[in-house]
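Q: Sharing a structure below in structure tokens format, with a few things to ask.
Just so it is clear, none of the values below were taken in a lab; they were calculated from the coordinates. Computed from a predicted structure; not experimentally measured. Ideal geometry is used to build each Cβ from the backbone, glycine not excepted, and the neighbour counts take in all protein chains shown.
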Amino acid sequence: MPDPAHNREVLAPTFKGRVLIIDDEADIRESLETLLEMEGYLIELAANAAEGIDRLDKGRYDLVLLDLMMPDRSGIEVLQDFRQRDAETPVILITAFGSVEVAVKALKAGANDYFSKPWDNEKLLIEIGNLIAKSRLERENTELKRALKERYSFPNIIGKSDRMQRVLDLVAQVAPSRATILITGETGTGKEVIAKAIHSHSARAGKAFVAVNSGSLPVELLESTLFGHVKGAFTSAFANQKGYFEVANGGTIFFDEIGTISAETQTKLLRVIQEKEFMPLGSNEVMKVDVRILAATNSDLRKLVEEGRFREDLYYRLNVINIALPPLRDRKDDIPLLVEHFFRKYCEENKRFQDAAGQPKLRFVAEAMQLLIDHNWPGNVRELENAIERAVVLASEENVPVDVLPDQILHASGMKVRRDESGRLPPDASLFEVVADFERKRIIEALEAATWSQTDAAESLRIPLSTLNQKIKRLDIVVRKSKKDSSNQ
Ligand SMILES: Nc1ncnc2c1ncn2[C@@H]1O[C@H](COP(=O)(O)OP(=O)(O)OP(=O)(O)O)[C@@H](O)[C@H]1O
Ligand SMILES: [Mg+2]
């Protein structure tokens, strides 16, 4: 016997969808089947409610045609039952008699439409086509939204570059687990930001996130800070003191600069990780805790292990999963986004250059943006953030000029004119420095000739007044007051 399903596909002009017909009358089933097959639908048939329910349980359909009156169960019941599990698949009810009550009942039970016998083939086909198209669109939309939400559910982390997207995918993947994670990256790459994101995307989000700066605490203090102490444990221990591990119970503890902890603390930390218990200083009672451990370092831990300065076993305990943050210079496509993000943050914080809707109005002139993109950012995102904060505070107009950038960026790009004490250029002056120096001399001459009226000087130099203003700032020209300009204002 030939496979009927296979036959249907061969006959079908273009496959339009899979439709289930549930009807107890054979001639109705057949006429619907013929009609729909000719249009390119793949049909399955059920001769009663029970069989229909069975097929709905097992298969997925693009649309269901359901008879209202069947001997075993009514179509309304089948529909109500089906809607408990599936709110999306469109269902059309076929009724023997079209009455308003039946229509209302059908729609209430979750039917998308109903047709009464004898139906109009043309209309039925149009409605089937529309319902399938609509439900596909809705499904695609929800999937798209979910995908978008999953990808960008880190509101404070900017990173569209492939490198950062890979990091964020990994963060999303490992955050819900209990795994210990070692976050590595140069200074300012966002290690703490990532640690917080891991915490807030885990089931521990409601509990404490405790960050320990291992580098800045003296050894003796580090231990009592971590594990707590009991009264009298050492001379200045006047009372019992909870340690970070106790505070973080149920939550996350983050060891920043883990490479700097002492050998002794390394041993104790290893014990906490392995046994999930510790003893406060001066106490002989063991405390049990449930704490997830994250650690970060900007030094090469593996090298410290090789040099015998970091315990190998602790290294492997911490480095269950490694998240390596790329330096900013390796993901330059994120720079414009970060600039926008920090403009928003600091315009808001300083209440400067915001429009009526609170949006930041500042933007860098193209030349300045190019410098930001070209810079190699040894201090990474933190360095960029500082540069933007400074620009927001110093800017005097919406278009931020080059001279508002920090010296180290201008120096690095050769855009800052170096001078010795008597104001002379160095012997290895760049072309930019020579040109800028000439420009400066020419502008001072023009200003002097115009008795320091900037309006007149701009006119004689044939440049707009705003350009002259920018140049005066950028070229460090000390202006003198002009009677003319001040009386004009
Ligand atoms: N992807 C990012 N999106 C937005 N802000 C970021 C991002 N990465 C870092 N920052 C910001 O940059 C600054 C430095 O980040 P963070 O303190 O996490 O860096 P770090 O790697 O821990 O640096 P260090 O090694 O010096 O401790 C913070 O103000 C942080 O908010
Ligand atoms: Mg840090």
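Q: What pairs in LYS16/LYS105; LYS207/LYS242; LYS242/LYS276; LYS242/LYS268; LYS160/LYS191; LYS58/LYS134 have C-alpha atoms more than 19 Å from each other?
A: Cα-Cα > 19 Å for LYS16/LYS105; LYS58/LYS134; rest within.
Q: Here's a follow-up. Can you find, among GLY215, ILE198, ALA295, the residue farthest towards the positive end of the dipole of the range 162-326? Put +1 on the C-beta of Lys and Arg, -1 on that of Asp and Glu.
A: ILE198
Q: LYS108: which aspartates and glutamates have alpha carbons under 18 Å from its alpha carbon, excluding same-chain residues fewer than 8 sequence positions away?
A: ASP67, GLU77, ASP81, ASP86, GLU88
Q: Tell me, in nm to one decimal, what length is gained between LYS242 and THR467 on full extension, where the rule is 0.36 nm per residue of separation less the Cα-Cα distance?
A: The span from LYS242 to THR467 would gain 74.9 nm if fully extended.
Q: Another question, if that's okay. Tell me, what HN-Hα J-couplings in whole Hz come from the Karplus equation 6.51 cos²θ - 1.76 cosθ + 1.60 at θ = phi - 60° for each residue of the range 439-446, using x for Gly and Pro?
A: 4, 4, 4, 5, 5, 4, 4, 4
Q: Once you have the Cα-Cα distance between LYS58 and GLN84, take 0.36 nm times their residue separation minus that, and quote the gain in nm to one decimal.
A: 7.8 nm
Q: Separate question: Among ALA109, ILE323, SER396, which residue has its Cα furthest toward the positive end of the charge dipole of the chain, with +1 on Lys/Arg Cβ and -1 on Asp/Glu Cβ?
A: Checked the options; the winner is SER396.
Q: Normalised by the empirical 2.2 N^0.38 Å for globular proteins, what value does the Cα Rg of the range 264-383 take?
A: 1.65
Q: Then there is this: Determine the calculated [θ] at 222 nm for the chain from helices alone, applying -39500 (n - 2.57) to every DSSP H run no shorter than 4 residues and normalising by the residue count; nearest 500 deg cm²/dmol.
A: -14500 deg cm²/dmol
Q: Calculate the FRET efficiency for ALA412 and GLN370 from the Cβ-Cβ distance with a Förster distance of 22 Å, rounded to the nearest 0.05.
A: E between ALA412 and GLN370, to the nearest 0.05, is 0.95.
Q: Treating only the Cβ of Lys, Arg, Asp and Glu as charged (+1, +1, -1, -1), what charge dipole size does the chain show about its Cα centre? Round to the nearest 20 debye.
A: Here the size comes out at about 2260 debye.
Q: Then there is this: What nm distance separates the two modelled labels at THR180 and ASN141, each placed 7 Å from Cα along Cα→Cβ?
A: 4.8 nm
Q: How high is the relative contact order of the chain, in percent, with contacts defined as C-alpha pairs under 8 Å that are six or more residues apart? Mind dumping the intermediate values first?
A: Values: 717 pairs, mean separation 46.2, N = 489.
Rounded, it is 9 percent for the chain.
Q: Scan the chain and report its longest stretch carrying no chymotrypsin sites (Phe, Trp or Tyr not before Pro) that are both in a DSSP loop and have at most 14 other Cβ atoms within 10 Å.
A: Values: sites that count: PHE15, PHE97, TYR152, PHE234, PHE238.
Segment 239-489 is the longest.
Q: Now, a different point. On a full-extension model of 0.36 nm per residue, what is the gain between PHE234 and ALA324, subtracting their alpha-carbon distance, rounded to one decimal in nm? Could you put the intermediate results ahead of the total?
A: On the way: separation 90, 0.36 × 90 = 32.40 nm, distance 3.99 nm.
Full extension from PHE234 to ALA324 adds 28.4 nm.
Q: ³J(HN,Hα) across the range 17-32 via Karplus (A = 6.51, B = -1.76, C = 1.60, θ = phi - 60°), whole Hz, x for Gly/Pro?
A: These are the phi-based 3J(HN,Hα) values: x, 10, 10, 9, 10, 10, 7, 7, 8, 4, 6, 5, 4, 5, 5, 5 Hz.
Q: Kindly rank 327-338, 184-195 from highest to lowest mean number of other beta carbons found within 10 Å of each residue. Spell out each step's value before the answer.
A: Details: 327-338: 17.3, 184-195: 20.5.
So the order, starting with the most tightly packed, is 184-195, 327-338.
Q: Shifting gears a bit: Run down the lysines and flag those whose C-alpha is under 29 Å from the C-alpha of LYS483, throwing out any fewer than 8 positions away in its chain.
A: Reachable lysines: LYS441, LYS471, LYS473.
Q: Name the shape class, rounded, prolate or oblate, that the alpha-carbon gyration tensor gives for the range 431-488, where a ≥ b ≥ c are the square roots of its eigenvalues, rounded holds for a/c under 1.5, and otherwise prolate holds if a/b is larger than b/c and oblate otherwise.
A: In terms of gyration-tensor shape, prolate.
Q: In addition: Using a/c under 1.5 as the rounded threshold, could you call the range 4-144 rounded, prolate or oblate? The axes a ≥ b ≥ c are square roots of the C-alpha gyration tensor eigenvalues, and prolate needs a/b larger than b/c, oblate otherwise.
A: It is rounded, given that a/c, with a ≥ b ≥ c, falls under 1.5.
Q: Rounded if a/c is under 1.5, else prolate if a/b is larger than b/c, else oblate: which is the chain, with a ≥ b ≥ c the root eigenvalues of its Cα gyration tensor?
A: Oblate, because a/c is 1.5 or more while a/b does not exceed b/c.
Q: Rank-order 459-472, 417-430 by packing density, defined as the average count of other C-beta atoms within 10 Å over each peptide's residues, highest first.
A: Those peptides, ordered most packed to least, come out 459-472, 417-430.
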